Structure formats: C-alpha cells, structure tokens
There are 2 protein chains.
Amino acid sequence: MDVRTLDVGDLELICRHREAMFRDAGRDDDELATMTEHFRPWLLPRLSDGSYSGFVLEDQGRPIAGIGLMLIDWPPHPLHPTQDRRGYVLNVYVEPDYRRRGLARELMQLADAEFIRRGVSYCVLHATEKGRPLYQELGWSGTAEMAKVIPD
Amino acid sequence: MDVRTLDVGDLELICRHREAMFRDAGRDDDELATMTEHFRPWLLPRLSDGSYSGFVLEDQGRPIAGIGLMLIDWPPHPLHPTQDRRGYVLNVYVEPDYRRRGLARELMQLADAEFIRRGVSYCVLHATEKGRPLYQELGWSGTAEMAKVIPD
C-alpha cells in the first residue's frame, strides 16, 4: 500500500469514510445524511488550512483506508501541564475488502509519528466497539469522559 | 447561597478551584503548580472574551463553589448531526465546609440551563471518581473516549 497525506481534494473521501465508519457502528442512514450535510462545510476550511490533516492508504492509486488528525485547544491539565492542546484521532476507516491486514494499525502508527513530530504529548479518540481492542493493544485506555444529551 | 456569573476578576479563584479539584483527586502539588502556571495565561483571554464562562456560588459575599463552561468546536456527529460544537463542563468545585448540601447539583443545573439557553444539544465533561455518582444521577453517562500519552 502507498501512503499519502490528506489534501483538500479528499473532502468527499473523508465524508464517505466518516459515514461508513458510523454506519458500521449501527447508526441510521437518515441521521448520517444529515450529519454529512453539516460535516462537509465544517471540514472544508479545516482541510484547506491544515487544522484537519491525516493520511490515506492507496492500493494502486485507489484509496482504501484513511485517518484524520486534529489538534484541539484544551486547558493545561495534570496529564499535559505545559501544553494547551490535545491530539485527536478521528474517522479511522478501512474498506471491508482490506480488513484484517494490519492497515488500521499502520494508520495509528502514522498518527503517533505525526503527534510526536508536532510535539503533542496527550491524545484522545472515541472508539467504536470494533476499534477498541486494537487501540488498547496500541497503548490507549479508557477515560472518565461522560456525556449528556440536552433536551430541546 | 447567592449565584453570580464568572467574570475576569475570577481568574485566580478559577485557578484555585482547578488546583483544589485535582488535588482532591490525588494529583501531585508540583505537577499542579506547573499546570496552573500554564492554565492562568490560557484562561485569561478566554475569560475576557466569554469563551470560558460559568457561575460562582457565594455565602455572604465569599465564593464557596464554582463551575466552568465552554463551547468546543466539534465535527457534526450522529449525536449532534446539525451542530458543530459540544458543551463542556469543567472545574466543578465546592469548598470542603460546604459539601453534602446539594451545591454541586445546583451548579450542574445552572450548566444545563445555560446550555439550553445557548441551544447546545450535546455536552461532555471528565468526571473524578467522587463526582461520577452525581453526574450519573443527573443523566450523564460514560463515553467511549480513549487516551494515550505520547512519549517525548
């Protein structure tokens, strides 16, 4: 597989990966269509200015897996007392025909290297059930994050 | 108790609450001093422009509890498909002499009301062990967030 960095021409590819990832996790198609309608214009300026970056794996020029990376503004915290940002990994996706070959692991290793290069000391992600075992194996562990849906 | 909103004069109070909260959770003093040295200049502009807001509870003019609120930029997601932000609750702290009187609950209800007022549909926080039961009671539940410390 060849590796390349994401660029602004990957807008639709990233939208497709994000939808497919959430569809695999059991999310509803209508909900995903609404999400993408709002995700696409959110992503475009961030992909253009590099605040959303990442990698694509290609098989003979065809993209078959991808990963997104961001740096998110965060208050200095005991786990990163001198830094005011956290790395964030999102939209990790491997096409069904290319699974069980270590490609997600390869993407996560690219993420680690990129965070090291940028000097980021603490990173987070949100795992699907299917992704969790790999992340655990790679040194990630659960946090104490909690969430609440606020009624309209 | 009287309730008032945070303002820029609360810079040191918020730093003190954040340190005390993490100290209660078992964090080391030296680490917390380093954190605060970096947290203070991070907080000041955000408190000034309102991107960090919140509430203080006072007993006869003396601040005895506080809560911080932020809106964080986030990609539209199945749990908030039309919104590109999440509410974030942080630095929830009640002075030891004022605990077990429902003040943390009152602060969390102020947070909910503020998020409703701002039209935010999905909120997150990171719980200490001590805080978790209250948050659960108020409708918060654990997420699939995972984290990793990146070696230097």
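Identify, please: which residue in segment A:68-97 is hydrophobic (A, V, I, L, M, F, W, C), within 20 Å of A:ARG16 (Cβ to Cβ) and within 14 Å of chain B (Cβ to nearest Cβ) and is, among those, surrounded by the fewest Cβ atoms within 10 Å (Cβ to Cβ)? Among residues in segment A:68-97 that are hydrophobic (A, V, I, L, M, F, W, C), within 20 Å of A:ARG16 (Cβ to Cβ) and within 14 Å of chain B (Cβ to nearest Cβ), the one surrounded by the fewest Cβ atoms within 10 Å (Cβ to Cβ) is A:MET70. Of the residues A:THR82, A:THR36, the single one that is more than 13 Å from the chain's Cα centre (by Cα), of a type in the set (Ser, Thr, Tyr), farther than 24 Å from B:HIS126 by Cβ and modelled with pLDDT of 95 or more is A:THR36. If you go through segment B:20-54 and keep only what is assigned to a helix (DSSP H, G or I), of a type in the set (A, V, I, L, M) and open to solvent by 20 Å² or more (accessible area, probe 1.4 Å), you end up with B:MET21, B:ALA33, B:LEU44.
For segment A:101-141, enumerate the residues that are under 26 Å from A:LEU11 (Cα atoms), charged (D, E, K, R) and more than 9 Å from chain B (Cβ to nearest Cβ). Across segment A:101-141, the qualifying residues are A:ARG101, A:ARG105, A:GLU106, A:GLU114, A:ARG117, A:ARG118, A:LYS130. For segment B:98-152, the set of residues classified as in a helix (DSSP H, G or I), buried (at least 18 other Cβ atoms within 10 Å of the Cβ), of a type outside the set (A, V, I, L, M) and in contact (Cβ under 8 Å) with a residue 40 or more places away in the chain consists of B:GLU114, B:PHE115, listed by residue number. When B:TYR93 is tested against (1) in contact (Cβ under 8 Å) with a residue 40 or more places away in the chain; (2) out of contact with any helix residue (DSSP H, G or I) (no Cβ under 8 Å at 6 or more places or on another chain), exactly one condition is not met: (2).
Quick check on A:HIS17: is it touching a Gly at 6+ places or on another chain (Cβ under 7 Å), part of a helix (DSSP H, G or I) and not hydroxyl-bearing (Ser, Thr, Tyr)? The answer is yes for A:HIS17. Given the structure, is A:ARG86 charged (D, E, K, R), free of Cβ contacts under 8 Å to residues at least 40 places away in the same chain and farther than 25 Å from A:SER48 by Cβ? No: the conditions fail for A:ARG86.
The values are calculated or read from the model by the stated rules, or taken from the named source; none is laboratory data. Small disclaimer: the values here were computed from a predicted structure and weren't measured. Ideal geometry is used to build each Cβ from the backbone, glycine not excepted, and the neighbour counts take in all protein chains shown. SASA here: full protein model, heavy atoms, side chains in, ligands and nucleic acids out. Shrake-Rupley method; radii C 1.70, N 1.55, O 1.52, S 1.80 Å.
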